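Read-outs throughout are calculated quantities, based only on the coordinates presented, and are distinct from any laboratory measurement. Not measured: the values here are computed from a predicted model. Don't worry about glycine lacking a Cβ; one is built from the backbone with ideal geometry, like all the others, and counts go over all protein chains shown.
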Amino acid sequence: MTRQVRDRLRDDDGNAIIEFVYLAILLMVPLVYVLLTVFRVQGSAYAVSSAAREAGRVYATSESTDDAYERAFAAASIVMADSGLELSRSQLRIDCEGCLEPGSTVPVVIEYDVALPLLPRFLDGSAPASVEVTSHHLEVVDRFRAAP
């Protein structure tokens, strides 16, 4: 092999920056997507947890069971709206029979589906498009309150 051919094969001027850019893109794009997904799911988990807590508090302080669910849903909706999320009535579950009696408990469950960011529409049926976040809260009714 001649000296010119050897020198040309060893010459890599300008290739290192191109390789670095390609490698950075291949590693950074998935990393950024994973971080966006984790942040969205974590923020939604905090919102759902706070909404369940507030719904339980409002339900437990209601005067009667007639309007207790509506008040609890309104409180949970406000908390979710503060995080930019929307709550539907089917996502809030309060299983309560005689739970406004002093010393009883109010079980609250909120199940919310967090949509994955930047997911193309054509993958809706073939790939998971959301992550379910669930919060359970048990609120104790004040034992010194007057019975309804």
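Could you work out the relative contact order of the chain, using alpha carbon pairs under 8 angstrom and six or more residues apart, expressed as a whole percent?
The normalised contact order for the chain reaches 25 percent.
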Quick check: the angle from helix 65-82's long axis to the longest principal axis of the chain, C-alpha only, nearest 10 degrees? 20
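Sort 45-52, 96-103 for me by packing, meaning the mean count of neighbouring Cβ atoms within 10 Å per residue, highest on top.
Working: 45-52: 21.6, 96-103: 13.6.
Answer by packing, highest mean first, reads 45-52, 96-103.
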So, R0 is 35 Å and r is the distance between the beta-carbons of Ile18 and Ala45; what FRET efficiency does that work out to, to 0.05? 0.30
Per DSSP, loop trypsin sites (Lys or Arg not before Pro) in the range 51-141 with at most 12 further Cβ within 10 Å: none
Given 16-27, 105-116, the highest-first ranking by average Cβ count within 10 Å works out to 105-116, 16-27
Say each of Ser130 and Tyr33 gets a label point 7 Å from the Cα, pointing the same way as Cα to Cβ; how far apart are those two points in nm? 2.1
Treating the angle as unsigned and between 0 and 90°, give the value, to the nearest 10°, between the Cα long axis of helix 15-60 and the longest Cα principal axis of the chain. 0
